[in-house]
Amino acid sequence: MPMRMVMEIARRMPKATTTRIRTSRMGTTTPEPTSLGVALQADASAALHMMWLSSPALPVGGFSYSEGLEAAVDAGLVSDEKQTLAWLRGQLQLTVARSELPAACAAHAAWEAADSAALQTIQTWVLSTRETFELRQQSQQMGRSMLEWLRNLRPDHPALPLAAQLEPAPAWQLAFALGGLALGLDAQHMAHALAFSWLENQVQAAMRVVPLGQSSGQRLLAALLPDIPAAVEQARNLQDRMDDWQSFSPMLAILSSRHETQYSRLFRS
């Protein structure tokens, strides 16, 4: 191939795919990161922090709540894999996408802006929409636990003084958003982590209380994972329109109130 053609091909190659070599004073050579390499490292870091934040090992007690599922099983509304799928999909679309995720996304922006007034407004909305004692208790307990985890992990984080102003502690959605910010996640990644955390905890609860086997649990995850991006997109569109947030789920409220006096139960909600 003529040298002129080789040079022309080299000139047209995308710069992001090339690797530059940096020579140190000692004579050794090390590859200098390209823009593509930096982007890939950033994506990997975000993915790892998303997995960390949504891990069942996070010491917030999410495993101890079924969020009404146990009462639905007791009432005969959920008794097999198919009904569990319908229940979880309904929860994801009716409550998680329309209230939990928008509140968390709005809180992420408020934490980032150090907007204490916005944080208090979101906190008030979240707690006022917990329709039963056990749902409010869940939100407060998980929020306190998340805040304690953050204090141990990032004791000098500048948002912690703001968190101390929210009584009795940031609700779960606000605390999770702060956790995402502390780990360097943007609102989009944080919301995906929150949605997956909710889904995995609910599938684990279904496996214990319906009960379902591990294969059923994996099928539920496979069926519902594709729904999460749409839920996050909906939440992102709603995050600045609090008047459009929706927490109206009367059957869930009825089941949750029944669960508070249920004779035999495994979960706290």
### Query
Of all helices (runs of 4 or more DSSP H) completely enclosed by segment 185-269, which ones contain at least 2 residues that are of a type in the set (S, T, N, Q) and within 22 Å of GLN140 (Cβ to Cβ)?
187-209, 250-259
### Given (1) farther than 20 Å from ALA159 by Cα; (2) over 11 Å from the mean Cα position of the chain (by Cα); (3) open to solvent by less than 70 Å² (accessible area, probe 1.4 Å); (4) of a type outside the set (A, V, I, L, M), index of the condition GLN214 fails
(3)
### Message
Restricting to segment 164-181, count the residues that are modelled with pLDDT of 95 or more and either part of a helix (DSSP H, G or I) or among the charged types (D, E, K, R) (or both).
### Response
10
### Summary
Given the conditions (1) at positive phi; (2) at pLDDT 95 or above, every one holds for ALA230 apart from (1)
### Message
Going through TRP111, TRP125, TRP149 one at a time, which residue ends up being among the aromatic types (Phe, Trp, Tyr) and within 13 Å of ALA171 (Cα to Cα)?
### Response
TRP125
### Message
For segment 110-146, give me each residue that is closer than 18 Å to GLU260 by Cα, in contact (Cβ under 8 Å) with a residue 60 or more places away in the chain and open to solvent by 40 Å² or more (accessible area, probe 1.4 Å).
### Response
GLU131, PHE133, GLN137
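Within segment 221-237, which residues are open to solvent by 20 Å² or more (accessible area, probe 1.4 Å) and among the aliphatic types (A, V, I, L, M)? Spell out the reasoning first.
Quick first cut of segment 221-237, residues open to solvent by 20 Å² or more (accessible area, probe 1.4 Å) only: 221-223, 225-227, 229-230, 233-234, 236-237.
Residues satisfying the conditions are LEU221, ALA222, ALA223, LEU225, ALA230.
Which one is nearest to LEU153 (Cα to Cα) among residues in segment 42-73 that are outside any loop (DSSP other than H, G, I, E, B) and in contact with a His (Cβ under 8 Å, 6 or more places away or on another chain)?
In the first step, residues of segment 42-73 are kept if they are outside any loop (DSSP other than H, G, I, E, B); the result is 42-53, 62-64, 69-73.
Next, from what is left, pick out any that are in contact with a His (Cβ under 8 Å, 6 or more places away or on another chain): 46, 49-50, 70-71.
On the way: ALA46: 17, HIS49: 13, MET50: 16, GLU70: 33, ALA71: 36 Å.
Here the residue is HIS49.
Could you list, in sequence order, the residues of segment 148-180 that are in contact with a helix residue (DSSP H, G or I) (Cβ under 8 Å, 6 or more places away or on another chain), farther than 17 Å from VAL60 by Cα and open to solvent by less than 60 Å² (accessible area, probe 1.4 Å)?
HIS157, ALA159, LEU160, LEU162, LEU166
The values are calculated or read from the model by the stated rules, or taken from the named source; none is laboratory data. Everything numeric here is computed off the predicted structure, so don't read it as measured data. Backbone-built Cβ (ideal geometry, glycine too); neighbour counts: all protein chains shown. Just the protein is used for accessible areas: all its heavy atoms, side chains included, with ligands, DNA and RNA removed. Shrake-Rupley method; radii C 1.70, N 1.55, O 1.52, S 1.80 Å.
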